[in-house]
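Novice: Structure provided below as C-alpha coordinates; questions to follow.
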Amino acid sequence: MIYLEQNIDLYNNDIRAMLQAFFDNEKVSLVEADTRLSLQVQYTDDLDVETGVKRGGYVTYILADREGYRQSRTVVVDYYDKALARNPLKAGLYRLLSAYTGKSLPWGSLTGVRPAKIATAFLEQGRDEAQIIRHYTETCLAERQKAELCIEVARREQRLLADFDFKRDYCLYIGIPFCPSRCLYCSFTSYPISSYRGQVEAYLKALYSEMELVAEACREKRLVAVYIGGGTPSALSAEQLAKLVGRVKQLFSSSHLREFCVECGRPDSITEEKLAALKSAGVSRISINPQTMRDHTLSLIGRAHTPEQTIAAYRMARKAGFDNINMDMITGLPGEDIGDVRYTLSCLKELAPDSLTVHSLAIKRAANLKLELDRYGSLLQGSTNEMLQEVDRCARELSLFPYYLYRQKNIPGKLENVGYAAEGKECLYNVLIMEEKVDIMAVGAGASSKFVFHDENRIERVENVKNVDAYMERIGEMLSRKRRMFYEAGYGTVQPDAGRD
Ligand code: SF4
(Lines give C-alpha, C1' and ligand atoms only; values in the text may rest on other atoms or scores of the structure.)
Protein backbone atom coordinates (compact mmCIF):
# COMPACT_ATOMS: atom_id res chain seq x y z
CA MET A 1 0.00 0.00 0.00
CA ILE A 2 1.28 3.43 -0.95
CA TYR A 3 0.02 6.51 0.82
CA LEU A 4 -0.51 9.52 -1.41
CA GLU A 5 -1.02 12.99 -0.03
CA GLN A 6 -1.53 16.05 -2.24
CA ASN A 7 -2.61 19.59 -1.49
CA ILE A 8 -4.17 19.82 -4.98
CA ASP A 9 -5.13 16.80 -7.08
CA LEU A 10 -4.55 18.33 -10.50
CA TYR A 11 -2.33 15.48 -11.71
CA ASN A 12 -3.90 12.72 -9.67
CA ASN A 13 -4.32 10.26 -12.56
CA ASP A 14 -0.78 10.75 -13.83
CA ILE A 15 0.74 10.36 -10.39
CA ARG A 16 -1.25 7.23 -9.62
CA ALA A 17 -0.43 5.70 -13.00
CA MET A 18 3.27 6.33 -12.43
CA LEU A 19 3.20 4.82 -8.93
CA GLN A 20 1.41 1.77 -10.30
CA ALA A 21 3.90 1.43 -13.13
CA PHE A 22 6.80 1.28 -10.67
CA PHE A 23 5.09 -0.79 -8.01
CA ASP A 24 3.19 -3.31 -10.20
CA ASN A 25 -0.29 -2.11 -9.40
CA GLU A 26 0.16 -1.82 -5.66
CA LYS A 27 -2.83 -0.07 -4.16
CA VAL A 28 -2.56 3.69 -3.74
CA SER A 29 -4.47 4.99 -0.75
CA LEU A 30 -5.42 8.47 0.37
CA VAL A 31 -5.64 7.28 3.96
CA GLU A 32 -2.47 6.80 5.94
CA ALA A 33 -2.83 3.17 6.92
CA ASP A 34 -0.12 0.56 7.07
CA THR A 35 1.79 1.95 4.12
CA ARG A 36 5.26 0.90 3.09
CA LEU A 37 5.81 4.07 1.12
CA SER A 38 4.40 7.55 1.16
CA LEU A 39 4.42 10.23 -1.49
CA GLN A 40 3.57 13.81 -0.68
CA VAL A 41 2.94 16.18 -3.54
CA GLN A 42 2.99 19.83 -2.62
CA TYR A 43 1.93 22.47 -5.09
CA THR A 44 3.17 25.93 -4.14
CA ASP A 45 1.73 29.04 -5.77
CA ASP A 46 4.89 31.14 -5.72
CA LEU A 47 5.94 33.60 -8.32
CA ASP A 48 9.26 32.55 -9.74
CA VAL A 49 10.92 35.54 -11.30
CA GLU A 50 14.11 33.84 -12.41
CA THR A 51 12.48 31.11 -14.46
CA GLY A 52 9.70 33.35 -15.68
CA VAL A 53 6.96 31.14 -14.23
CA LYS A 54 4.17 33.52 -13.33
CA ARG A 55 1.84 31.30 -11.35
CA GLY A 56 1.83 27.82 -9.87
CA GLY A 57 5.57 28.01 -9.25
CA TYR A 58 6.77 24.80 -7.51
CA VAL A 59 5.76 21.20 -7.25
CA THR A 60 7.66 19.27 -4.63
CA TYR A 61 7.53 15.50 -4.35
CA ILE A 62 8.60 13.96 -1.04
CA LEU A 63 9.06 10.21 -1.05
CA ALA A 64 9.55 8.37 2.25
CA ASP A 65 9.45 4.74 3.38
CA ARG A 66 9.17 2.89 6.68
CA GLU A 67 12.90 2.19 6.74
CA GLY A 68 13.74 5.88 6.94
CA TYR A 69 14.39 6.60 3.26
CA ARG A 70 13.43 10.17 2.42
CA GLN A 71 14.08 12.03 -0.80
CA SER A 72 12.50 15.03 -2.40
CA ARG A 73 12.47 16.59 -5.83
CA THR A 74 11.16 19.96 -6.91
CA VAL A 75 9.97 20.90 -10.37
CA VAL A 76 9.50 24.57 -11.25
CA VAL A 77 6.59 24.88 -13.60
CA ASP A 78 3.29 26.67 -14.27
CA TYR A 79 1.31 23.66 -13.16
CA TYR A 80 -2.04 25.17 -14.16
CA ASP A 81 -0.88 24.95 -17.76
CA LYS A 82 -1.40 21.21 -18.08
CA ALA A 83 -0.30 20.99 -21.70
CA LEU A 84 3.13 22.36 -20.85
CA ALA A 85 3.56 21.17 -17.28
CA ARG A 86 2.49 17.56 -17.57
CA ASN A 87 5.65 16.12 -19.10
CA PRO A 88 8.17 17.84 -16.81
CA LEU A 89 6.07 16.93 -13.77
CA LYS A 90 5.86 13.30 -14.79
CA ALA A 91 9.56 13.21 -15.60
CA GLY A 92 10.38 14.66 -12.16
CA LEU A 93 8.34 12.00 -10.41
CA TYR A 94 9.75 9.30 -12.68
CA ARG A 95 13.32 10.25 -11.71
CA LEU A 96 12.48 10.18 -8.01
CA LEU A 97 10.82 6.76 -8.23
CA SER A 98 13.55 5.39 -10.47
CA ALA A 99 16.23 6.44 -7.98
CA TYR A 100 14.27 4.81 -5.14
CA THR A 101 13.50 1.50 -6.88
CA GLY A 102 16.64 1.25 -9.00
CA LYS A 103 14.31 0.48 -11.94
CA SER A 104 14.00 2.18 -15.25
CA LEU A 105 10.87 1.62 -17.32
CA PRO A 106 11.11 1.04 -21.08
CA TRP A 107 8.31 3.56 -21.64
CA GLY A 108 9.82 6.09 -19.22
CA SER A 109 7.23 8.49 -17.85
CA LEU A 110 4.67 7.66 -20.55
CA THR A 111 1.61 6.13 -18.95
CA GLY A 112 -1.04 6.47 -21.69
CA VAL A 113 -2.55 3.55 -23.56
CA ARG A 114 -1.78 4.88 -27.05
CA PRO A 115 1.82 6.08 -27.03
CA ALA A 116 2.04 6.13 -30.85
CA LYS A 117 -0.53 8.94 -30.94
CA ILE A 118 2.24 11.35 -29.94
CA ALA A 119 4.25 10.37 -33.01
CA THR A 120 1.13 10.68 -35.19
CA ALA A 121 0.48 14.22 -33.93
CA PHE A 122 4.10 15.25 -34.47
CA LEU A 123 4.20 13.76 -37.98
CA GLU A 124 1.04 15.69 -38.81
CA GLN A 125 2.78 18.87 -37.64
CA GLY A 126 5.64 18.09 -40.00
CA ARG A 127 8.26 17.40 -37.33
CA ASP A 128 11.22 15.29 -38.35
CA GLU A 129 12.14 11.93 -36.91
CA ALA A 130 15.04 13.23 -34.81
CA GLN A 131 12.77 15.73 -33.05
CA ILE A 132 10.16 13.07 -32.35
CA ILE A 133 12.76 10.68 -30.96
CA ARG A 134 14.07 13.44 -28.71
CA HIS A 135 10.59 14.04 -27.36
CA TYR A 136 10.14 10.38 -26.45
CA THR A 137 13.63 9.84 -25.06
CA GLU A 138 14.48 13.19 -23.44
CA THR A 139 11.12 14.64 -22.45
CA CYS A 140 9.38 11.37 -21.64
CA LEU A 141 12.49 9.30 -20.80
CA ALA A 142 11.39 6.35 -22.95
CA GLU A 143 13.87 3.98 -24.57
CA ARG A 144 14.92 4.81 -28.11
CA GLN A 145 13.56 1.49 -29.40
CA LYS A 146 10.08 2.43 -28.10
CA ALA A 147 10.33 5.81 -29.79
CA GLU A 148 11.27 4.17 -33.09
CA LEU A 149 8.48 1.63 -32.71
CA CYS A 150 5.93 4.42 -32.22
CA ILE A 151 7.15 6.30 -35.27
CA GLU A 152 7.05 3.17 -37.39
CA VAL A 153 3.51 2.37 -36.23
CA ALA A 154 2.37 5.98 -36.74
CA ARG A 155 3.75 6.08 -40.29
CA ARG A 156 2.12 2.79 -41.20
CA GLU A 157 -1.19 3.87 -39.67
CA GLN A 158 -1.08 7.10 -41.64
CA ARG A 159 -0.63 5.14 -44.86
CA LEU A 160 -3.40 2.70 -43.98
CA LEU A 161 -5.86 5.46 -43.10
CA ALA A 162 -4.99 7.75 -45.99
CA ASP A 163 -7.96 7.00 -48.21
CA PHE A 164 -10.79 6.55 -45.72
CA ASP A 165 -13.67 8.99 -45.61
CA PHE A 166 -14.00 9.26 -41.82
CA LYS A 167 -17.43 10.88 -41.89
CA ARG A 168 -19.04 8.33 -44.18
CA ASP A 169 -17.17 5.14 -43.37
CA TYR A 170 -18.04 2.85 -40.48
CA CYS A 171 -17.15 -0.57 -39.07
CA LEU A 172 -19.41 -3.32 -37.80
CA TYR A 173 -18.43 -5.38 -34.76
CA ILE A 174 -20.40 -8.52 -33.91
CA GLY A 175 -19.82 -10.11 -30.50
CA ILE A 176 -20.25 -13.84 -29.94
CA PRO A 177 -19.69 -14.31 -26.21
CA PHE A 178 -19.21 -18.09 -26.18
CA CYS A 179 -16.00 -20.12 -25.92
CA PRO A 180 -15.13 -23.81 -25.65
CA SER A 181 -13.79 -23.15 -22.11
CA ARG A 182 -12.77 -20.10 -20.11
CA CYS A 183 -9.12 -19.09 -20.11
CA LEU A 184 -7.65 -18.28 -16.72
CA TYR A 185 -6.70 -14.74 -17.72
CA CYS A 186 -9.93 -13.93 -19.58
CA SER A 187 -11.59 -10.61 -18.83
CA PHE A 188 -13.93 -10.56 -21.83
CA THR A 189 -17.61 -11.36 -21.95
CA SER A 190 -17.36 -15.10 -22.44
CA TYR A 191 -19.50 -18.09 -21.47
CA PRO A 192 -18.70 -21.79 -21.91
CA ILE A 193 -20.67 -22.89 -24.97
CA SER A 194 -21.41 -26.30 -23.46
CA SER A 195 -23.57 -24.71 -20.75
CA TYR A 196 -25.24 -22.25 -23.13
CA ARG A 197 -26.03 -24.46 -26.12
CA GLY A 198 -29.74 -24.17 -25.46
CA GLN A 199 -29.61 -20.38 -25.51
CA VAL A 200 -27.41 -19.77 -28.54
CA GLU A 201 -30.32 -19.58 -30.99
CA ALA A 202 -32.13 -17.03 -28.83
CA TYR A 203 -28.91 -15.06 -28.56
CA LEU A 204 -28.46 -15.05 -32.35
CA LYS A 205 -32.05 -13.94 -32.79
CA ALA A 206 -31.46 -10.91 -30.55
CA LEU A 207 -28.21 -10.24 -32.38
CA TYR A 208 -29.94 -10.29 -35.76
CA SER A 209 -32.46 -7.72 -34.60
CA GLU A 210 -29.59 -5.40 -33.68
CA MET A 211 -27.88 -6.07 -37.02
CA GLU A 212 -31.11 -5.23 -38.85
CA LEU A 213 -31.38 -1.91 -37.03
CA VAL A 214 -27.76 -1.04 -37.84
CA ALA A 215 -28.23 -1.98 -41.50
CA GLU A 216 -31.32 0.20 -41.71
CA ALA A 217 -29.69 3.17 -39.95
CA CYS A 218 -26.47 2.99 -41.97
CA ARG A 219 -27.98 2.75 -45.43
CA GLU A 220 -26.32 5.99 -46.45
CA LYS A 221 -22.97 5.19 -44.86
CA ARG A 222 -20.17 3.00 -46.19
CA LEU A 223 -19.33 -0.21 -44.38
CA VAL A 224 -15.55 -0.67 -44.62
CA ALA A 225 -14.76 -3.44 -42.14
CA VAL A 226 -16.63 -6.24 -40.39
CA TYR A 227 -15.15 -7.92 -37.33
CA ILE A 228 -16.80 -10.91 -35.69
CA GLY A 229 -15.13 -11.43 -32.33
CA GLY A 230 -16.00 -12.33 -28.78
CA GLY A 231 -15.61 -14.85 -27.29
CA THR A 232 -14.91 -17.35 -30.00
CA PRO A 233 -17.31 -17.08 -32.95
CA SER A 234 -16.10 -20.43 -34.28
CA ALA A 235 -17.47 -22.04 -31.10
CA LEU A 236 -20.87 -21.81 -32.85
CA SER A 237 -21.98 -24.83 -34.87
CA ALA A 238 -21.12 -24.83 -38.59
CA GLU A 239 -24.76 -24.19 -39.38
CA GLN A 240 -25.07 -21.26 -36.96
CA LEU A 241 -21.82 -19.75 -38.18
CA ALA A 242 -22.87 -20.09 -41.83
CA LYS A 243 -26.17 -18.40 -41.04
CA LEU A 244 -24.43 -15.58 -39.16
CA VAL A 245 -21.99 -14.70 -41.94
CA GLY A 246 -24.78 -15.18 -44.49
CA ARG A 247 -26.90 -12.69 -42.58
CA VAL A 248 -24.06 -10.13 -42.70
CA LYS A 249 -23.86 -10.57 -46.47
CA GLN A 250 -27.60 -10.29 -46.87
CA LEU A 251 -28.08 -7.18 -44.69
CA PHE A 252 -25.03 -5.08 -45.57
CA SER A 253 -23.66 -3.82 -48.83
CA SER A 254 -20.15 -4.97 -49.59
CA SER A 255 -19.38 -2.34 -52.21
CA HIS A 256 -16.97 -0.48 -49.90
CA LEU A 257 -16.02 -3.42 -47.72
CA ARG A 258 -12.25 -3.80 -47.41
CA GLU A 259 -12.08 -6.65 -44.93
CA PHE A 260 -14.24 -9.21 -43.20
CA CYS A 261 -12.52 -10.71 -40.15
CA VAL A 262 -13.60 -13.59 -37.97
CA GLU A 263 -11.92 -14.68 -34.75
CA CYS A 264 -11.41 -18.42 -34.80
CA GLY A 265 -9.27 -17.98 -31.71
CA ARG A 266 -9.52 -21.46 -30.30
CA PRO A 267 -8.01 -24.08 -32.61
CA ASP A 268 -10.22 -26.76 -31.05
CA SER A 269 -13.30 -24.97 -32.40
CA ILE A 270 -12.24 -25.04 -36.06
CA THR A 271 -13.56 -27.55 -38.60
CA GLU A 272 -13.38 -27.83 -42.39
CA GLU A 273 -17.10 -27.19 -42.64
CA LYS A 274 -16.88 -23.94 -40.65
CA LEU A 275 -13.91 -22.73 -42.68
CA ALA A 276 -15.76 -23.45 -45.92
CA ALA A 277 -18.79 -21.48 -44.67
CA LEU A 278 -16.59 -18.49 -43.79
CA LYS A 279 -14.74 -18.64 -47.07
CA SER A 280 -17.88 -18.77 -49.18
CA ALA A 281 -19.33 -15.76 -47.32
CA GLY A 282 -16.28 -13.70 -48.27
CA VAL A 283 -14.45 -13.71 -44.93
CA SER A 284 -11.01 -12.34 -45.76
CA ARG A 285 -9.06 -12.65 -42.51
CA ILE A 286 -9.21 -15.11 -39.64
CA SER A 287 -7.32 -15.48 -36.37
CA ILE A 288 -6.11 -18.79 -35.03
CA ASN A 289 -4.55 -18.13 -31.66
CA PRO A 290 -1.98 -20.45 -30.15
CA GLN A 291 -1.08 -18.01 -27.29
CA THR A 292 1.76 -20.42 -26.49
CA MET A 293 3.01 -23.65 -28.06
CA ARG A 294 3.85 -25.12 -24.65
CA ASP A 295 1.40 -27.89 -23.85
CA HIS A 296 1.65 -27.63 -20.08
CA THR A 297 1.04 -23.86 -20.13
CA LEU A 298 -2.06 -24.36 -22.27
CA SER A 299 -3.57 -26.72 -19.72
CA LEU A 300 -2.53 -24.45 -16.86
CA ILE A 301 -4.33 -21.48 -18.39
CA GLY A 302 -7.48 -23.43 -19.19
CA ARG A 303 -7.22 -23.63 -22.96
CA ALA A 304 -8.50 -27.03 -23.90
CA HIS A 305 -6.35 -27.50 -26.99
CA THR A 306 -2.90 -28.73 -27.82
CA PRO A 307 -0.14 -27.17 -29.94
CA GLU A 308 -0.77 -29.96 -32.47
CA GLN A 309 -4.39 -28.80 -32.83
CA THR A 310 -3.14 -25.29 -33.55
CA ILE A 311 -0.91 -26.57 -36.34
CA ALA A 312 -3.67 -28.77 -37.77
CA ALA A 313 -6.22 -25.91 -37.70
CA TYR A 314 -3.76 -23.57 -39.36
CA ARG A 315 -3.02 -26.04 -42.16
CA MET A 316 -6.74 -26.69 -42.60
CA ALA A 317 -7.35 -22.95 -42.99
CA ARG A 318 -4.58 -22.61 -45.58
CA LYS A 319 -6.07 -25.54 -47.46
CA ALA A 320 -9.47 -23.86 -47.35
CA GLY A 321 -7.90 -20.92 -49.17
CA PHE A 322 -7.33 -18.36 -46.40
CA ASP A 323 -4.39 -16.16 -47.35
CA ASN A 324 -4.65 -13.80 -44.39
CA ILE A 325 -4.27 -15.63 -41.09
CA ASN A 326 -3.36 -13.91 -37.85
CA MET A 327 -1.92 -15.66 -34.81
CA ASP A 328 -2.03 -14.23 -31.30
CA MET A 329 0.52 -15.04 -28.63
CA ILE A 330 0.91 -13.91 -25.04
CA THR A 331 4.13 -13.14 -23.22
CA GLY A 332 4.35 -13.45 -19.45
CA LEU A 333 2.10 -16.50 -19.09
CA PRO A 334 2.37 -18.38 -15.77
CA GLY A 335 5.57 -20.39 -15.60
CA GLU A 336 6.92 -19.15 -18.93
CA ASP A 337 10.30 -17.54 -19.35
CA ILE A 338 12.19 -16.21 -22.34
CA GLY A 339 13.09 -19.76 -23.43
CA ASP A 340 9.39 -20.65 -23.71
CA VAL A 341 8.72 -17.52 -25.74
CA ARG A 342 11.59 -18.46 -28.08
CA TYR A 343 10.15 -21.95 -28.42
CA THR A 344 6.68 -20.65 -29.33
CA LEU A 345 8.21 -18.26 -31.83
CA SER A 346 10.23 -21.02 -33.46
CA CYS A 347 7.00 -23.02 -34.00
CA LEU A 348 5.17 -19.99 -35.38
CA LYS A 349 8.04 -19.24 -37.69
CA GLU A 350 7.53 -22.58 -39.37
CA LEU A 351 3.86 -21.81 -39.89
CA ALA A 352 4.58 -18.28 -41.19
CA PRO A 353 1.27 -16.51 -40.43
CA ASP A 354 0.39 -13.30 -42.30
CA SER A 355 0.17 -11.39 -39.07
CA LEU A 356 1.26 -11.89 -35.50
CA THR A 357 -0.21 -10.10 -32.52
CA VAL A 358 1.62 -10.16 -29.24
CA HIS A 359 -0.07 -9.38 -25.94
CA SER A 360 1.71 -8.82 -22.66
CA LEU A 361 -0.30 -10.72 -20.07
CA ALA A 362 -2.67 -8.31 -18.36
CA ILE A 363 -4.48 -9.32 -15.22
CA LYS A 364 -7.77 -7.51 -15.18
CA ARG A 365 -10.44 -7.36 -12.57
CA ALA A 366 -12.72 -9.87 -14.27
CA ALA A 367 -10.03 -12.49 -14.81
CA ASN A 368 -9.95 -15.75 -12.90
CA LEU A 369 -6.22 -15.31 -12.71
CA LYS A 370 -6.68 -12.31 -10.46
CA LEU A 371 -8.78 -14.42 -8.14
CA GLU A 372 -6.20 -17.18 -8.22
CA LEU A 373 -3.18 -14.97 -7.96
CA ASP A 374 -2.21 -16.62 -4.68
CA ARG A 375 -2.04 -19.98 -6.43
CA TYR A 376 -0.31 -18.80 -9.57
CA GLY A 377 1.51 -15.75 -8.24
CA SER A 378 4.78 -17.63 -7.82
CA LEU A 379 4.56 -18.83 -11.43
CA LEU A 380 4.06 -15.36 -12.83
CA GLN A 381 7.37 -14.00 -13.92
CA GLY A 382 5.73 -11.35 -16.03
CA SER A 383 6.18 -10.19 -19.55
CA THR A 384 9.56 -8.62 -20.05
CA ASN A 385 10.94 -6.19 -22.51
CA GLU A 386 13.36 -8.93 -23.61
CA MET A 387 10.43 -11.20 -24.56
CA LEU A 388 8.87 -8.45 -26.63
CA GLN A 389 12.18 -7.81 -28.37
CA GLU A 390 12.33 -11.50 -29.29
CA VAL A 391 8.85 -11.30 -30.79
CA ASP A 392 9.81 -8.15 -32.67
CA ARG A 393 12.90 -9.86 -34.10
CA CYS A 394 10.97 -12.95 -35.16
CA ALA A 395 8.15 -10.89 -36.72
CA ARG A 396 10.63 -8.93 -38.80
CA GLU A 397 12.33 -12.15 -39.92
CA LEU A 398 8.93 -13.19 -41.21
CA SER A 399 8.60 -9.79 -42.96
CA LEU A 400 5.84 -8.74 -40.57
CA PHE A 401 5.96 -5.11 -39.46
CA PRO A 402 4.31 -3.28 -36.56
CA TYR A 403 1.12 -1.45 -37.53
CA TYR A 404 -0.77 -1.01 -34.30
CA LEU A 405 0.22 -0.68 -30.72
CA TYR A 406 -1.47 -0.12 -27.41
CA ARG A 407 -0.73 -0.50 -23.75
CA GLN A 408 -3.22 -1.79 -21.23
CA LYS A 409 -3.58 -0.95 -17.61
CA ASN A 410 -2.36 -3.69 -15.29
CA ILE A 411 0.39 -4.95 -17.55
CA PRO A 412 3.39 -5.60 -15.32
CA GLY A 413 6.09 -3.11 -16.28
CA LYS A 414 3.45 -1.34 -18.40
CA LEU A 415 4.54 -3.09 -21.57
CA GLU A 416 2.75 -3.05 -24.87
CA ASN A 417 0.62 -5.14 -27.20
CA VAL A 418 1.71 -4.96 -30.81
CA GLY A 419 0.17 -6.09 -34.08
CA TYR A 420 2.66 -7.09 -36.80
CA ALA A 421 1.55 -7.83 -40.34
CA ALA A 422 2.85 -8.43 -43.81
CA GLU A 423 2.38 -5.52 -46.20
CA GLY A 424 -1.28 -5.43 -47.20
CA LYS A 425 -2.38 -7.94 -44.54
CA GLU A 426 -2.95 -5.48 -41.69
CA CYS A 427 -6.26 -5.59 -39.83
CA LEU A 428 -7.85 -2.25 -40.70
CA TYR A 429 -10.51 -2.70 -38.04
CA ASN A 430 -7.79 -2.78 -35.36
CA VAL A 431 -6.34 0.47 -36.63
CA LEU A 432 -9.71 2.17 -37.02
CA ILE A 433 -10.88 1.26 -33.54
CA MET A 434 -7.58 2.43 -32.07
CA GLU A 435 -7.64 5.75 -33.88
CA GLU A 436 -11.31 6.49 -33.10
CA LYS A 437 -11.87 8.20 -36.43
CA VAL A 438 -14.93 6.36 -37.74
CA ASP A 439 -18.17 5.15 -36.15
CA ILE A 440 -18.09 1.61 -34.82
CA MET A 441 -21.44 -0.14 -34.74
CA ALA A 442 -21.15 -2.92 -32.21
CA VAL A 443 -23.82 -5.55 -31.64
CA GLY A 444 -24.09 -8.33 -29.08
CA ALA A 445 -23.65 -8.76 -25.33
CA GLY A 446 -21.00 -6.43 -23.92
CA ALA A 447 -20.53 -4.68 -27.27
CA SER A 448 -19.74 -0.98 -27.17
CA SER A 449 -20.62 1.25 -30.15
CA LYS A 450 -18.72 4.46 -30.78
CA PHE A 451 -20.16 7.49 -32.51
CA VAL A 452 -17.63 10.09 -33.60
CA PHE A 453 -18.95 13.67 -33.68
CA HIS A 454 -16.23 15.05 -35.94
CA ASP A 455 -17.30 18.69 -35.85
CA GLU A 456 -17.52 18.75 -32.07
CA ASN A 457 -14.41 16.69 -31.44
CA ARG A 458 -16.21 14.25 -29.16
CA ILE A 459 -17.03 10.56 -29.06
CA GLU A 460 -20.18 9.04 -27.58
CA ARG A 461 -20.45 5.41 -26.62
CA VAL A 462 -23.52 3.20 -26.50
CA GLU A 463 -22.87 0.16 -24.36
CA ASN A 464 -24.82 -3.09 -24.40
CA VAL A 465 -25.22 -5.04 -21.19
CA LYS A 466 -22.50 -7.63 -20.67
CA ASN A 467 -24.50 -10.45 -19.20
CA VAL A 468 -25.76 -12.70 -21.98
CA ASP A 469 -29.11 -13.50 -20.31
CA ALA A 470 -29.73 -9.82 -19.55
CA TYR A 471 -28.84 -8.98 -23.15
CA MET A 472 -31.48 -11.34 -24.51
CA GLU A 473 -34.09 -10.18 -22.00
CA ARG A 474 -33.41 -6.50 -22.53
CA ILE A 475 -32.82 -6.48 -26.28
CA GLY A 476 -35.65 -3.96 -26.74
CA GLU A 477 -33.80 -1.55 -24.49
CA MET A 478 -30.51 -2.11 -26.39
CA LEU A 479 -32.30 -1.31 -29.64
CA SER A 480 -33.86 1.83 -28.18
CA ARG A 481 -30.51 3.10 -26.93
CA LYS A 482 -29.05 2.67 -30.38
CA ARG A 483 -32.03 4.30 -32.06
CA ARG A 484 -31.69 7.34 -29.84
CA MET A 485 -28.00 7.70 -30.63
CA PHE A 486 -28.61 7.21 -34.36
CA TYR A 487 -31.09 10.05 -34.14
CA GLU A 488 -28.70 12.32 -32.18
CA ALA A 489 -25.87 11.55 -34.55
CA GLY A 490 -27.99 12.56 -37.53
CA TYR A 491 -28.60 9.14 -39.05
CA GLY A 492 -31.68 10.41 -40.88
CA THR A 493 -33.28 7.03 -41.53
CA VAL A 494 -34.05 6.15 -37.89
CA GLN A 495 -36.39 7.74 -35.34
CA PRO A 496 -36.01 7.25 -31.57
CA ASP A 497 -38.67 5.19 -29.78
CA ALA A 498 -41.11 7.36 -27.90
CA GLY A 499 -40.80 7.17 -24.11
CA ARG A 500 -38.21 4.39 -23.88
CA ASP A 501 -34.60 4.37 -22.90
S1 SF4 B 1 -10.67 -17.55 -25.92
FE2 SF4 B 1 -10.57 -15.37 -25.47
S3 SF4 B 1 -12.68 -14.78 -24.98
FE4 SF4 B 1 -12.56 -17.03 -24.87
S5 SF4 B 1 -12.17 -17.49 -22.73
FE6 SF4 B 1 -10.17 -17.38 -23.76
S7 SF4 B 1 -9.51 -15.25 -23.51
FE8 SF4 B 1 -11.70 -15.32 -23.05
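The values are calculated or read from the model by the stated rules, or taken from the named source; none is laboratory data. Since we're looking at a predicted model, the values are computed, not measured. Positions of Cβ are generated from backbone atoms using ideal geometry, with glycine treated the same way; all protein chains shown enter the neighbour counts.
Novice: Quickly run through region 170-207 and pick out the residues that are of a type in the set (Phe, Trp, Tyr), within 15 Å of the ligand (Cβ to nearest atom) and either under 15 Å from residue 265 (Cα atoms) or not in a helix (DSSP H, G or I) (or both).
Specialist: 173, 178, 185, 188, 191, listed by residue number.
Novice: Looking at residue 79 and the list (1) surrounded by fewer than 19 Cβ atoms within 10 Å (Cβ to Cβ); (2) modelled with pLDDT under 90, which single condition is not satisfied?
Specialist: It fails just one condition, (1).
Novice: Sort through 294, 315, 247 and tell me the only one that's basic (Lys, Arg), buried (at least 16 other Cβ atoms within 10 Å of the Cβ) and not assigned by TED's automatic domain parsing to the domain that holds residue 206.
Specialist: Residue meeting the stated conditions: 294.
Novice: I'd like the full set of residues that are hydrophobic (A, V, I, L, M, F, W, C) and closer than 15 Å to residue 94 by Cα, limited to region 5-36.
Specialist: 15, 17, 18, 19, 21, 22, 23
Novice: May I ask you to say which residue of 182, 197 is in contact (Cβ under 8 Å) with a residue 24 or more places away in the chain and at negative phi?
Specialist: Criteria check complete, one pass: 182.
Novice: When only residues in region 278-300 that are within 23 Å of residue 431 (Cα to Cα), polar (S, T, N, Q) and not in a loop (DSSP other than H, G, I, E, B) count, which is nearest to the ligand (Cβ to nearest atom)?
Specialist: 291
Novice: Given the conditions (1) assigned to a loop (DSSP other than H, G, I, E, B); (2) over 26 Å from residue 408 (Cα atoms), report the number of the one that residue 303 does not fulfil.
Specialist: (2)
Novice: Taking only region 433-459 into account, find how many residues are polar (S, T, N, Q) and touching a residue at least 24 places away in the same chain (Cβ under 8 Å).
Specialist: Going through region 433-459 one residue at a time, the tally reaches 1.
Novice: Those residues that are buried (at least 23 other Cβ atoms within 10 Å of the Cβ) and of a type in the set (S, T, N, Q), I need them from region 445-454; list them, please.
Specialist: 449
Novice: Mind telling me which of the residues 161, 223 ends up being away from the ligand (no atom under 13 Å from the Cβ), over 30 Å from residue 332 (Cβ atoms) and touching a residue at least 60 places away in the same chain (Cβ under 8 Å)?
Specialist: 161
Novice: Filter region 140-181 down to the residues that are within 15 Å of residue 256 (Cα to Cα) and touching a Lys or Arg at 6+ places or on another chain (Cβ under 6 Å), then identify the one that is surrounded by the most Cβ atoms within 10 Å (Cβ to Cβ).
Specialist: Across region 140-181, the extreme among qualifying residues is 170.
Novice: Considering each of 349, 319 in turn, give the residue that is touching a Cys at 6+ places or on another chain (Cβ under 8 Å) and more than 16 Å from the ligand (Cβ to nearest atom).
Specialist: Just a single option satisfies the conditions, and that option is 349.
Novice: Same structure again: Determine the pairs where a residue that is farther than 9 Å from residue 355 by Cβ, located within region 419-431, has a partner that is of a type in the set (A, V, I, L, M) and assigned to a strand (DSSP E or B) with Cβ atoms under 8 Å apart, the partner being 6 or more residues away or on another chain.
Specialist: These pairs meet every condition: 428/224; 428/225; 429/225; 429/226.
Novice: Here's a follow-up. What tally of residues in region 426-485 results from selecting those that are under 16 Å from the mean Cα position of the chain (by Cα), in a strand (DSSP E or B) and among the acidic types (Asp, Glu)?
Specialist: The qualifying residues number 0.
Novice: Which condition number in (1) in a loop (DSSP other than H, G, I, E, B); (2) surrounded by fewer than 19 Cβ atoms within 10 Å (Cβ to Cβ); (3) in contact with a Phe, Trp or Tyr (Cβ under 6 Å, 6 or more places away or on another chain) is the one that residue 409 fails?
Specialist: Every listed condition holds for residue 409 apart from (3).
Novice: Sticking with this structure for a sec: Identify all residues within region 348-378 that are modelled with pLDDT of 65 or more and surrounded by fewer than 17 Cβ atoms within 10 Å (Cβ to Cβ); write none if there are none.
Specialist: Of everything in region 348-378, those that are modelled with pLDDT of 65 or more and surrounded by fewer than 17 Cβ atoms within 10 Å (Cβ to Cβ) turn out to be 349, 350, 352.
Novice: Does residue 275 qualify as being over 25 Å from residue 221 (Cα atoms), away from the ligand (no atom under 16 Å from the Cβ), at pLDDT 95 or above and surrounded by 22 or more Cβ atoms within 10 Å (Cβ to Cβ)?
Specialist: When the stated conditions are applied, residue 275 passes them.
Novice: Something else about it: Given the criterion of a type in the set (Lys, Arg), surrounded by fewer than 18 Cβ atoms within 10 Å (Cβ to Cβ), modelled with pLDDT of 90 or more and not assigned by TED's automatic domain parsing to the domain that holds residue 134, identify the matching residue among 66, 55.
Specialist: Result: 66 is the single residue among 66, 55 that is of a type in the set (Lys, Arg), surrounded by fewer than 18 Cβ atoms within 10 Å (Cβ to Cβ), modelled with pLDDT of 90 or more and not assigned by TED's automatic domain parsing to the domain that holds residue 134.
Novice: Search region 226-264 for residues being touching a residue at least 12 places away in the same chain (Cβ under 8 Å) and among the acidic types (Asp, Glu), and hand back the single one that is nearest to residue 175 (Cα to Cα).
Specialist: Only one residue fits best here, namely 263.
Novice: Sticking with this structure for a sec: Could you count how many residues in region 433-444 are farther than 23 Å from residue 212 by Cβ and crowded, with 24+ Cβ neighbours inside 10 Å?
Specialist: 0
Novice: Among the residues of region 226-271, write down those that are away from the ligand (no atom under 11 Å from the Cβ), outside any helix (DSSP H, G or I) and of a type in the set (Gly, Ala, Ser).
Specialist: Listed by number, the residues that qualify are 237, 253, 254, 255.
Novice: Another question, then. For region 231-285, which residues satisfy the criterion of being within 22 Å of residue 192 (Cβ to Cβ) and β-branched (Val, Ile, Thr)?
Specialist: Within region 231-285, 232, 262, 270, 271 qualify.
Novice: Further question: Does at least one position in region 221-231 carry a residue that is surrounded by 24 or more Cβ atoms within 10 Å (Cβ to Cβ) and at pLDDT below 95?
Specialist: Within region 221-231, one or more residues are surrounded by 24 or more Cβ atoms within 10 Å (Cβ to Cβ) and at pLDDT below 95.
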